[in-house]
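Throughout, read-outs are computed from the coordinates displayed, never taken from laboratory work. Being a predicted model, the structure only gives us computed values, none of them experimental. FYI the Cβ positions are ideal-geometry reconstructions off the backbone, even for glycines, and counts take in every protein chain you see.
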Amino acid sequence: MKIKLFITLILIFTCTGLYAQTLVKGGVFESGSGIKLENVFVRDMTNKQVTLTDKNGRFSINTETGHILLFTLPGYVADTLYVVDLSQKHVELKNQPIQLREVSVVSTRTTSFDPHKEYPEVYEKAKVYPLSPSTWFSRDARMARRLKKYFQTEQEERQVDKIFTRAYVGSIVPLKGQDLEDFMTMYRPSYKFIVSNNSESLATYINDSYKKYKDLPPEKRHLQALESQ
């Protein structure tokens, strides 16, 4: 009798765990055009599960009804989806005018971001063990390595944001408002440049970039004009 009860309890807990980790699939597309969007960051705001869309805009994530999924991608307006059922999901993101990178994978860009602390399971799954084939070829392992690279890029972009600020650039060039935004986006330095140069070199780079900016025809100094080419 005790053995039967023990087995029953195991089955109950197992089923409960499976229910809580239901895999939901879907696709993310650009609103209007239907273009499949790759590398959209998808996060379950309740259980903190994360994933990225593939080259066909497809994603799968462990979630359940009642949870909220957040979708973010640079150049697009972030959107959320309330999971009311476990059917295939179709998500569309609206394109927004090119501007300074404002995407956040977890919080605002002004706060610190340590993915090792916030997503330790990603780094654990990303490890490769020679005698464990699953760490090389499994879906979870491959996705973990993609997420690890994604987080690295996010950390680097935050470092650029921390140094290449509106206040700093605006103190060097006589631009304000949207003109300043456009200039900073057009001549945004790379992470490699930021970590390889000091403040004097950055100031020189900004001044040189401003000379190039002034040499442009007026219609070429705005990002909308650039996009129409």
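Amide H to amide H, with H built 1.01 Å from N, residue 26 comes under 5 Å of 59, 89, counting only residues 5 or more places away or on other chains. Let me check I've understood the local charge: for residue 115, count other residues with C-beta under 10 angstrom from its C-beta, Lys and Arg +1, Asp and Glu -1. What total comes out? Taking every Cβ under 10 Å from that of residue 115, the sum is -1. Approximating the spin labels as points 7 Å out from Cα along Cα→Cβ, the residue 54-to-residue 146 distance works out to 0.7 nm.
For residue 220, the aspartates and glutamates whose Cα falls under 15 Å of its own Cα, not counting residues fewer than eight places away in the same chain, are 179, 181, 182.
Between residue 77 and residue 129, the contour length at 0.36 nm per residue exceeds the Cα-Cα span by 14.8 nm. Out of segment 176-226, which trypsin sites (Lys or Arg not before Pro) are coil in DSSP terms and have no more than 12 other C-beta atoms within 10 Å? Listed in order of number, the matching sites are 176.
Look at the alpha carbon pairs under 8 Å that are at least 6 residues apart: their mean separation over the length of segment 125-180 gives a relative contact order of 22 percent. The alpha-carbon of residue 148 sits under 13 angstrom from the alpha-carbons of these aspartates and glutamates, leaving out residues fewer than 8 places away in its chain: 114, 118, 121, 124, 140, 156. Measuring between alpha carbons in the structure, the pairs from 94/192; 36/125; 36/149 lying more than 23 angstrom apart are 94/192; 36/125.
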